[in-house]
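Asker: Pasting a structure here, questions to come.
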Amino acid sequence: MTASETTTDVAGAALLRTEGLTKQFGGLMAVDDVDLRIESGDIRCLIGPNGAGKSTLLKLIVGQLEPSAGQVFYRGEDITDLSQHDRAREGLSMKFQVPAVYGDLSVRQNVHIPLQREVSRRDIDAEIDETLESFDLLDEAGTRADDLAHGQQQWLEIAMAAALDPDLLLLDEPAAGMSVQETERTAEYVHRLNDRGVTLLVIEHDIDFVRSIAQSVTVLHQGEVFAEGTIDEIEDDPEVRRIYLGEGH
Ligand code: ADP
Ligand code: MG
């Protein structure tokens, strides 16, 4: 069965929807029966204690991991069986938690990688410039990625994930290890992407960062959706506080 044969309800569909999404690693339920719905234009933050299943959930959505059960719908279309590459072509992209830049390559060469298969040779230099400019990396185009400051390396990763103008961009801890100033700038990049029409699903621990970007927040706990609401609702929720305290946060 192809994805197009299972198309349902495209007109009224959320940009992204998961239904009963589940991932089991041996006896461990890393993601447990998750129903998630993200509307076009949203900036959704995904929070939760360490080991809650946040990274696994994003990997299931982007197609890096296969679910044990459940489905992923994108624009109303069942994409559960599509490869990560095919999902990227449909406009779904992700920056992973573990660094994926090529340290020995220049900043420009790194951005060349996601674009090379999709953009004609004639247009690629202009596309790379445009991407680098959006993340204030044009002056560093010739710098080896390993020689960048930590913050710039993270921005390069986001730039690589954003290079193909995705409609839905998943960011796993984009502000990890950043200074306050770098974190603020990352929030600015997130807003700029959103202004350009990109819907974002962002995992982040830094609550100030979450507050500065989130239109809505989903809390994951032991693989399950524990709470959902505005940042104010989530911060005031005593049950949410309890799960964080239980983890020693
Ligand atoms: P989070 O991102 O919320 O910290 P993860 O999604 O990384 O959580 O992990 C959720 C749980 O699944 C953890 O207990 C983790 O150890 C486990 N896990 C994650 N990836 C794997 C894997 N590839 N194999 C086995 N267990 C895994
Ligand atoms: Mg994680």
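Readers should treat all values here as calculations from the given coordinates under stated rules, not as data from a laboratory. The structure displayed is predicted, hence computed values, not measured ones. Virtual Cβ from ideal backbone geometry, glycine too; neighbours counted across all protein chains shown.
Asker: Pick from 84, 181, 109: which is most flexible by mean-square fluctuation in a GNM of the chain where alpha carbon atoms under 10 Å apart are linked?
Answerer: Answer for the Gaussian network model of the chain: 181.
Asker: Beta carbons within 10 angstrom, averaged per residue: use that to sort the peptides 216-227, 60-71, highest first. The partial results should precede the final answer.
Answerer: Details: 216-227: 20.2, 60-71: 18.2.
Packing order, densest peptide first, comes out as 216-227, 60-71.
Asker: Long-range amide H contacts for residue 69: which residues qualify at under 5 Å (H placed 1.01 Å from N, peptide plane, sequence gap of 5 or more or a different chain)?
Answerer: Here the answer is 22, since their amide H atoms fall under 5 Å of that of residue 69.
Asker: Also, quick follow-up: Please compute the alpha carbon radius of gyration of the range 197-249, then divide it by the globular-protein estimate 2.2 N^0.38 Å. Two decimals is fine.
Answerer: Working it through for the range 197-249, the quotient is 1.14.
Asker: Another question about this same structure. So for the chain: antiparallel DSSP bridges make up what percent, rounded to the nearest 5?
Answerer: Working: 20 of 37 bridges.
Percentage antiparallel, nearest 5: 55.
Asker: Give the distance, in whole Å, between the Cα centre of the range 112-147 and the Cα centre of the range 24-64.
Answerer: That distance is 30 Å.
Asker: So how much slack lies between residue 179 and residue 109, counting 0.36 nm per residue of separation and subtracting their Cα-Cα distance, in nm?
Answerer: Here the segment from residue 179 to residue 109 would lengthen by 22.6 nm.
Asker: Follow-up. Between residue 130 and residue 150, 0.36 nm times their residue separation minus their Cα-Cα distance comes to what?
Answerer: Details: separation 20, 0.36 × 20 = 7.20 nm, distance 2.16 nm.
Computed gain between residue 130 and residue 150 is 5.0 nm.
Asker: Taking the Cα centre of the range 50-166 as origin, sum charge times position over the Cβ atoms of Lys and Arg (+1) and Asp and Glu (-1), and report the length of that vector in debye to the nearest 20. Could you put the intermediate results ahead of the total?
Answerer: Numbers: 11 positive and 21 negative charges, 86 e Å.
Rounded to the nearest 20 debye, it is 420 debye.
Asker: Under 16 Å from a point 7 Å along the Cα-to-Cβ line of residue 84: which residues of the range 190-232 have their amide N that close?
Answerer: It comes to no residues whatsoever.
Asker: Counting only helical runs of four or more DSSP H residues, what would the 222 nm mean residue ellipticity of the chain come to if each run contributes -39,500 (n - 2.57) and the total is spread over all its residues? Write out the running numbers ahead of the final one.
Answerer: Numbers: 9 runs with 89 residues, N = 249.
Calculated from helices alone, the mean residue ellipticity at 222 nm is -10500 deg cm²/dmol.
Asker: Would you mind getting me the FRET efficiency between residue 233 and residue 33? Use the beta-carbon distance for r and R0 = 30 Å, nearest 0.05.
Answerer: Numbers: r = 23 Å, r/R0 = 0.75.
After rounding to 0.05, the efficiency reads 0.85.
Asker: So what is the diffusion coefficient of the range 159-249 in µm² per second by Stokes-Einstein at 10 °C and 1.306 mPa s, using a Kirkwood Rh over Cα pairs?
Answerer: Working: Rh = 14.2 Å.
So the translational diffusion coefficient is about 112 µm²/s.
Asker: Let me ask something additional. When the convex hull of the C-alpha atoms of the range 89-225 is computed, what volume per residue in Å³ does it have? Each step should come with its number before you reach the end.
Answerer: Working: hull volume 16.0 nm³, N = 137.
Per-residue hull volume (Cα only) is 117 Å³.
Asker: For the range 12-169, what value does the Rg/Rh ratio take when both radii are computed over Cα atoms and Rh is the Kirkwood radius, given to two decimals? Please list the in-between numbers first.
Answerer: Numbers: Rg = 17.0 Å, Rh = 16.9 Å.
Answer for the range 12-169: 1.01.
Asker: Apply the Karplus parameterisation 6.51 cos²θ - 1.76 cosθ + 1.60, with θ equal to phi minus 60°, to every residue of the range 124-129 and state each ³J(HN,Hα) to the nearest whole Hz, in sequence, with x for glycine and proline.
Answerer: Running phi through 6.51 cos²θ - 1.76 cosθ + 1.60 with θ = phi - 60° gives 5, 4, 5, 5, 4, 4 Hz.
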